[in-house]
1. Going residue by residue through the range 38-61, is there one that turns out to be in contact (Cβ under 8 Å) with a residue 60 or more places away in the chain, assigned to a strand (DSSP E or B) and open to solvent by 30 Å² or more (accessible area, probe 1.4 Å)?
2. Mind telling me which of the residues A138, A122, A68 ends up being in contact with a strand residue (DSSP E or B) (Cβ under 9 Å, 6 or more places away or on another chain) and of a type outside the set (S, T, Y)?
3. Given the conditions (1) more than 13 Å from the chain's Cα centre (by Cα); (2) in contact (Cβ under 8 Å) with a residue 40 or more places away in the chain; (3) surrounded by 18 or more Cβ atoms within 10 Å (Cβ to Cβ), which single one is not true for G97?
4. Just the residues that are modelled with pLDDT under 95, assigned to a helix (DSSP H, G or I) and either aromatic (F, W, Y) or crowded, with 17+ Cβ neighbours inside 10 Å (or both), please, taken from the range 2-37.
5. Taking the stated definitions as given, is A92 in contact (Cβ under 8 Å) with a residue 24 or more places away in the chain, of a type in the set (G, A, S) and over 16 Å from V133 (Cβ atoms)?
6. Of A75, A81, which residue is of a type in the set (A, V, I, L, M, F, W, C), surrounded by fewer than 21 Cβ atoms within 10 Å (Cβ to Cβ) and either assigned to a loop (DSSP other than H, G, I, E, B) or under 16 Å from the mean Cα position of the chain (by Cα) (or both)?
7. When you go through (1) touching a residue at least 40 places away in the same chain (Cβ under 8 Å); (2) assigned to a strand (DSSP E or B); (3) among the charged types (D, E, K, R) one by one for D69, which number turns out not to apply?
8. Taking the conditions exactly as written (among the aliphatic types (A, V, I, L, M) and within 18 Å of the chain's Cα centre (by Cα)), does L35 satisfy them or not?
Amino acid sequence: GDGAYGRRLPLMASYLASLEADVIALQEVLIAPALGHDTALFLASELGMSASTLSLRRKVREVDGRSADSWSGLAVLSRNAATLSRPIPLPADPRDGERAALAVEIGDAAVVCLHLTHLQDAGELRARQLAAVFEAMAERPDALIAGDFNAPAETLSLAQSGFADCRLFLGRPSASTV
């Protein structure tokens, strides 16, 4: 919601449309009902997709010069409607606020959208958060886990989890977008 939110929404929709994606995982999704803002629902409508959302981190935020009660959550947009959507509680730090992941089933596919802690001194917490996701999805080792890991891919201990960096299956090296 910070900055020129109203101007950024159409730009986000245009760029995402150009990707022609079947599934999109979003983090820090603004929901401010008093201002009529819901990023996930706006993007889903513009893209002709369904939205599964999880509202987190409630606080007053300033959006386009107006203050309002709001949430910063997670969303999975998909071409086909989700058949199941559930939160995965994650360990948290009081300095960081509420954390959870959103698990969604779309047909035979399972998708998890997450946003791990950004705290620089919280590598152990980040590892516990990711372990909670792996444990919750143990029955679905084929799940796509996407989001903001706030850490380089090579530090995520994927080998021990039963999950893998999808870039390896594409013949690309495991790499971070941090």
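The values are calculated or read from the model by the stated rules, or taken from the named source; none is laboratory data. It should be emphasised that the depicted structure is a prediction, and the values quoted were computed from it without experimental measurement. Using ideal geometry, Cβ is built from the backbone for each residue, glycine included, and neighbour counts are taken over all protein chains shown. Just the protein is used for accessible areas: all its heavy atoms, side chains included, with ligands, DNA and RNA removed. Shrake-Rupley method; radii C 1.70, N 1.55, O 1.52, S 1.80 Å.
1. First, the residues of the range 38-61 that are in contact (Cβ under 8 Å) with a residue 60 or more places away in the chain: 61.
Next, from what is left, pick out any that are assigned to a strand (DSSP E or B): 61.
Cutting the leftovers down to open to solvent by 30 Å² or more (accessible area, probe 1.4 Å) gives us 61.
Taking every residue of the range 38-61 in turn, at least one turns out to be in contact (Cβ under 8 Å) with a residue 60 or more places away in the chain, assigned to a strand (DSSP E or B) and open to solvent by 30 Å² or more (accessible area, probe 1.4 Å).
2. Working: A138 fails: in contact with a strand residue (DSSP E or B) (Cβ under 9 Å, 6 or more places away or on another chain); A122 fails: in contact with a strand residue (DSSP E or B) (Cβ under 9 Å, 6 or more places away or on another chain).
Only one candidate passes the filter, namely A68.
3. G97 satisfies all of (1) more than 13 Å from the chain's Cα centre (by Cα); (2) in contact (Cβ under 8 Å) with a residue 40 or more places away in the chain; (3) surrounded by 18 or more Cβ atoms within 10 Å (Cβ to Cβ) except (3).
4. Y5, L35
5. Numbers: in contact (Cβ under 8 Å) with a residue 24 or more places away in the chain: yes; of a type in the set (G, A, S): yes; over 16 Å from V133 (Cβ atoms): no.
Taking the combined requirement at face value, the residue does not satisfy it.
6. On the way: A75 fails: surrounded by fewer than 21 Cβ atoms within 10 Å (Cβ to Cβ).
None of the other options fit; the residue is A81.
7. With respect to (1) touching a residue at least 40 places away in the same chain (Cβ under 8 Å); (2) assigned to a strand (DSSP E or B); (3) among the charged types (D, E, K, R), D69 is out only on (1).
8. Numbers: among the aliphatic types (A, V, I, L, M): yes; within 18 Å of the chain's Cα centre (by Cα): no.
No: the conditions fail for L35.
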